[in-house]
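Trainee: Take this structure, written in structure tokens, and hold onto it; I'll ask about it next.
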Amino acid sequence: QHHVAESGGGSVQAGASLRLSCAFSGPTVYKRARKTCLAWFRQAPGKEREGIATIVFVGGMSWTAASVQGRFTISQDIGSNTVFLQMDRLTPEDAAMYYCAAQYVAATSQCPVAPSEYNDWGQGTQVTVSS
């Protein structure tokens, strides 16, 4: 249902900032029965895919994982169908492939944070952090 494409990754030094963008297309659900969740995940080599942040498009309700709270912020630009992940004070532990995913969920549900709950994925954008 959704086409998703991430961008904005790169190679930075510890303490630097990056802003990732997730542009998506597809039918936006405005009826009460369903809503669209957008989520950011990351996966480092040899590790499981980890949920980082979610946002309801277009409602704006958001969640950020405790491990990145205070440093990462998820936001949206409704007019351009884009969700952002602002990453500040990056550390080498943040280095990973970052993915954006989209999923329709029931209107009364919280946005899921498990990768298995999302069907529509981007190709990923690489973030490298050197110390």
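The values are calculated or read from the model by the stated rules, or taken from the named source; none is laboratory data. Predicted, not measured: the structure shown is a model, and the values here were computed from it. Here the Cβ is made from the backbone with ideal geometry for all residues, glycine too, and neighbour counts use every protein chain on show. Areas reflect the complete protein model, heavy atoms only, side chains present, ligands, DNA and RNA absent. Shrake-Rupley method; radii C 1.70, N 1.55, O 1.52, S 1.80 Å.
Trainee: What about PHE24, is it within 29 Å of GLU93 (Cα to Cα), in a strand (DSSP E or B) and modelled with pLDDT under 95?
Mentor: When the stated conditions are applied, PHE24 passes them.
Trainee: What pairs can you find where one residue is in the stretch 62-91 and farther than 20 Å from GLN103 by Cβ, the other is assigned to a helix (DSSP H, G or I) and open to solvent by less than 50 Å² (accessible area, probe 1.4 Å), and their Cβ atoms are less than 7 Å apart, with a gap of 6+ or different chains?
Mentor: Taking only residues 6 or more apart or on different chains, the pairs are MET87/ASP94.
Trainee: So is SER21 open to solvent by 50 Å² or more (accessible area, probe 1.4 Å) and of a type in the set (Gly, Ala, Ser) or not?
Mentor: So SER21 fails the test.
Trainee: Moving on to the next point. Taking the stretch 79-108 only, how many residues are in contact with a strand residue (DSSP E or B) (Cβ under 8 Å, 6 or more places away or on another chain), within 17 Å of VAL58 (Cβ to Cβ), outside any strand (DSSP E or B) and open to solvent by 40 Å² or more (accessible area, probe 1.4 Å)?
Mentor: 2
Trainee: Has the stretch 2-15 got at least one residue that is open to solvent by less than 30 Å² (accessible area, probe 1.4 Å), more than 15 Å from GLN126 (Cα to Cα) and in contact with a strand residue (DSSP E or B) (Cβ under 6 Å, 6 or more places away or on another chain)?
Mentor: Scanning the stretch 2-15, I find at least one residue that is open to solvent by less than 30 Å² (accessible area, probe 1.4 Å), more than 15 Å from GLN126 (Cα to Cα) and in contact with a strand residue (DSSP E or B) (Cβ under 6 Å, 6 or more places away or on another chain), so the answer is yes.
Trainee: Scanning the stretch 34-61 for residues that are assigned to a strand (DSSP E or B) and charged (D, E, K, R), which turns out nearest to ALA96 (Cα to Cα)?
Mentor: Here the answer is ARG42.
Trainee: Still on this structure, please answer the following. Identify the residue in the stretch 68-78 that is more than 13 Å from SER17 (Cα to Cα) and open to solvent by 70 Å² or more (accessible area, probe 1.4 Å) and, among all such residues, is modelled with the lowest pLDDT.
Mentor: ILE78
Trainee: Every residue in the stretch 119-131 that is touching a helix residue (DSSP H, G or I) at 6+ places or on another chain (Cβ under 8 Å), modelled with pLDDT of 95 or more and open to solvent by 40 Å² or more (accessible area, probe 1.4 Å), please.
Mentor: Residue satisfying the conditions is SER130 alone.
Trainee: Any residue at all in the stretch 54-71 that is in contact with a helix residue (DSSP H, G or I) (Cβ under 7 Å, 6 or more places away or on another chain) and of a type outside the set (D, E, K, R)?
Mentor: yes
Trainee: In the stretch 1-21, how many residues are out of contact with any helix residue (DSSP H, G or I) (no Cβ under 9 Å at 6 or more places or on another chain), outside any strand (DSSP E or B) and modelled with pLDDT of 95 or more?
Mentor: 5
Trainee: So SER116 clears everything in (1) open to solvent by less than 20 Å² (accessible area, probe 1.4 Å); (2) hydroxyl-bearing (Ser, Thr, Tyr); (3) in a helix (DSSP H, G or I) except one condition, right? Which one?
Mentor: Single failed check for SER116: (1).
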